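To keep things clear, I will list the structure first and then write my remarks on it.
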Amino acid sequence: MSLNFAIKDLYYFKKQTIAHLKTNSSIIALVVLFLNLTNSMNLLTISSPISYLTLTLFELITQYHAFLVILIAILVFVVMINSNHAIVEHRKKDIGIMKAVGTYPNQLYSFYLTEVLLLAFFSFIIGWIIGMFLFFIIFWILNGRYVGLNWAPDTLISIGIFGGLLLVTFIVNGWEIRKIGLKSFFFAKTGKFKNNIHAKLTPTWKKIMIKSSISMKLAIKNLMRKQKDLRQSLALITIAGMIMLTGLIGVNIVNNSGGAYIHQAQGENIAVIGAPEVVEAFANGYSRFSNESIPALKEGTYTDISNNISTIEEQLTVYFNDYSIDLNYWEKRLFTVTTVTESLGAVIQYIYDPDNGTTSAEYVSVGNGTRTRVVPIQGINVNSSIQHWNYGGNFTTLTTEAAIGDTLAGELYENAYAQWIIYSNVETNRTYRHEVEAVVIDSMNIGNSVYIPLENLQGNLGRTNFSNLILVDYSKALENGQYNEFFDDISDILGGQFEIMDLDPIFIHNENFLRSNQITTLVLSSIIAMVIIYIIYQFQQGRLEEDKNDIIIFKALGGTTTDIRNMLFYEQAWLLFVGLTLSLTGTLFISIFFLLEKAEFPSIWVPLGLYALIFSFFSFLAYIGTRLLVKKQFQKIEHTPIT
């Protein structure tokens with residue numbers, strides 16, 4: 001019986017039902033699309049070991065998308081609760097009449113709870129179908145064009161959202177229906193119109209109202225009178241605003257930080273000189289950042305005596321000096337690839353004894369000492385390198401310690417700063433240990449890299465005064481318009497034993513690859529923003545519909561059309577101002593305390609500018625809407641009795 005009643009009632013108010021289905025299904029479709037797409041793009045979880053980018057970038061990107069998924073999921077629940085609340089408010093008259101003619105409260109509860117549950121059910125089904133259809137279309141378009149894209153539709157979280165929607169509807173809106181069903185007919189029919197409004201205003205609000213226009217006073221009174229609607233409206237606008245601001249500001253943070261990190265780690269206008277085998281391995285290490293098809297680096301004869309580029313260092317030095325390239329623009333390196341092992345480390349753990357009220361300290365081991373990985377190790381001059389990594393720890397003071405890439409630190413180590421790196425050398429027949437003193441964000445070998453002071457590594461490998469690579473910044477040649485001449489002259493000096501390679505094409509490809517991922521994120525954020533705009537617009541129109549009786553009363557009491565239109569505009573403007581201010585506060589909190597651990601915050605004018613833009617846009621919609629739609633409402637209700 002309850003199901004039949006619910007279906008008939010939803011059909012009887014089919015215009016309202018369709019409006020709520022549109023709003024509910026659109027936000028559900030958004031969360032289904034975004035969830036499945038980001039999951040298939042590996043933007044929500046980090047696979048180990050990673051096969052492109054670096055661990056730091058993945059953490060930044062996945063953290064950003066995870067917050068968006070959580071906020072959109074919360075918005076789904078807020079929108080559903082608001083839609084069901086609007087239906088319940090609209091049915092107050094019917095509930096009051098049915099109660100007056102003898103319908104039991106439990107029956108009323110069953111009838112209308114079934115109705116809102118049915119709406120939630122169909123909203124999810126329609127939204128899920130639309131979301132999956134859009135996901136299939138976008139996946140088909142991106143397949144083969146987006147690195148890391150895999151068919152990975154999510155079902156578990158979707159089922160969780162579906163169950164959560166039914167549960168929230170049952171608890172929140174069910175409690176609301178039961179509460180109305182227990183009230184008298186008079187309250188059920190007129191529960192919105194409460195007396196003693198002035199008593200609820202603080203002295204500050206009273207001063208504001210005294211100095212305000214009639215329309216502003218009416219708007220404030222109307223908002224204070226409908227406090228439950230006010231709370232729900234603020235919740236919807238706040239969450240929706242946070243999604244838009246977090247999406248847009250987050251894209252800015254990810255773009256600026258990720259791009260800056262990789263540009264720092266690589267540099268620009270850099271060429272590498274060395275034996276073909278060494279140069280190829282070195283270049284492939286950087287190419288792996290954006291190309292999964294390049295195989296992992298393997299151990300080889302990189303430190304063979306024949307690869308010692310120091311034999312022609314004097315000729316290169318003379319040429320560089322003639323070209324006005326000083327030591328700040330080129331550097332020697334020792335490059336090799338070997339197996340490294342993470343060693344056990346120890347950290348101090350403080351233990352509190354509640355019985356004695358004392359705190360004791362003891363050492364606790366970290367790591368297991370068995371994890372290994374084949375990685376490139378480079379001997380560098382720490383303070384004169386032409387590449388400048390973003391790092392944590394003490395990179396510039398390395399003597400016998402090591403700096404490791406961020407991916408290696410995150411995947412191989414439990415606590416990198418408390419552990420050591422171990423590797424062996426066959427020629428010296430010894431094993432070497434270096435304390436990890438710094439972690440660098442590095443595109444070399446997708447962040448699986450090790451850097452040790454040059455002289456220290458030369459001694460460990462039994463290669464005193466040995467280097468097999470030279471990195472040179474050829475910016476001077478570009479400035480003089482002698483790019484081709486520079487590379488031809490170097491090639492003549494090198495002869496057939498060594499070669500020079502321009503790394504800039506690889507570096508540019510890496511940065512463009514990262515930028516393409518960021519553009520995808522921006523497109524997703526734009527789609528989210530458009531859906532949110534639609535939802536807030538529908539919400540604004542819904543509030544006008546709900547205020548139809550108020551409009552009639554104010555008009556009957558002598559309010560002019562201008563006063564009523566301004567009142568409705570001020571009402572929505574106040575909601576937008578407070579809601580978006582809360583959104584900005586929440587977005588800054590998320591960005592500062594979560595996203596910014598490994599990122600840089602943009603200028604404060606960026607979030608403030610976005611806040612002003614969003615507020616102005618929705619205020620403009622509210623202004624136009626109140627003038628166009630209120631006029632249409634007057635035409636419809638001019639001869640309609642108050643109900």
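What order, most packed first, do the peptides 438-445, 267-274 have when packing is the mean number of other Cβ atoms within 10 Å of each residue? Spell out each step's value before the answer.
Details: 438-445: 26.6, 267-274: 20.6.
By packing density, highest mean first, the sequence is 438-445, 267-274.
Could you sort 478-487, 457-466, 36-45, 416-425 so that the peptide with the highest average Cβ count within 10 Å comes first and the rest follow in order? Mind showing how you got there, number by number?
On the way: 478-487: 13.1, 457-466: 17.6, 36-45: 21.5, 416-425: 19.8.
By packing density, highest mean first, the sequence is 36-45, 416-425, 457-466, 478-487.
Sorting Trp389, Trp605 by accessible area puts them as Trp605, Trp389; the probe is 1.4 Å, largest comes first, and only protein heavy atoms count. Evaluating 6.51 cos²θ - 1.76 cosθ + 1.60 at θ = phi - 60° for every residue in region 265-273, the Karplus couplings come out as 5, 9, x, 8, 6, 10, 10, 10, 10 Hz, glycine and proline recorded as x. For region 1-191, the tally of Lys pairs with Cα-Cα distances below 14 Å comes to 10, considering only residues 8 or more apart or on different chains. Each residue was assigned an accessible area with a 1.4 Å probe, and for Lys476 the value is about 60 Å². The listed peptides 112-118, 349-355, ordered by packing as a protection proxy, come out as 112-118, 349-355 (highest mean of other Cβ atoms within 10 Å first). The HN-Hα couplings worked out from phi for region 68-85 by the Karplus form 6.51 cos²θ - 1.76 cosθ + 1.60 (θ = phi - 60°) are 5, 4, 5, 5, 5, 4, 4, 4, 4, 5, 5, 5, 5, 5, 5, 5, 5, 5 Hz, whole numbers, x standing for Gly and Pro. In the context of the full set of protein chains, region 294-404 has a per residue accessible area of 53 Å² (1.4 Å probe). Expressed as a whole percent, the accessible area of region 1-191 that falls on carbon and sulfur atoms is 72 (1.4 Å probe).
Each residue of region 43-52 is assigned a 3J(HN,Hα), and the resulting list reads 9, 10, 10, 10, 7, 10, x, 6, 10, 7 Hz, derived from the Karplus form 6.51 cos²θ - 1.76 cosθ + 1.60 (θ = phi - 60°), x at Gly and Pro. For Gln16 paired with Leu522, estimate the spin-label separation in nm (one decimal), with each label point 7 Å from Cα along the Cα-to-Cβ line. Between Gln16 and Leu522, the simple spin-label model gives 4.4 nm. Close amide H pairs (under 5 Å, H built 1.01 Å from N) link Ala346 with Val366, residues at least 5 positions away or on another chain. Checking the cross-link filter: which aspartates and glutamates have an alpha carbon closer than 14 Å to that of Lys332, excluding same-chain neighbours under 8 positions apart? Partners within reach: Glu313, Glu314, Glu455, Asp473.
The values are calculated or read from the model by the stated rules, or taken from the named source; none is laboratory data. Here the structure is a predicted model, which means the values were calculated and not measured. Please note: Cβ atoms are built from the backbone with ideal geometry, for glycine as well, and neighbour counts cover all protein chains shown. Just the protein is used for accessible areas: all its heavy atoms, side chains included, with ligands, DNA and RNA removed. Shrake-Rupley method; radii C 1.70, N 1.55, O 1.52, S 1.80 Å.
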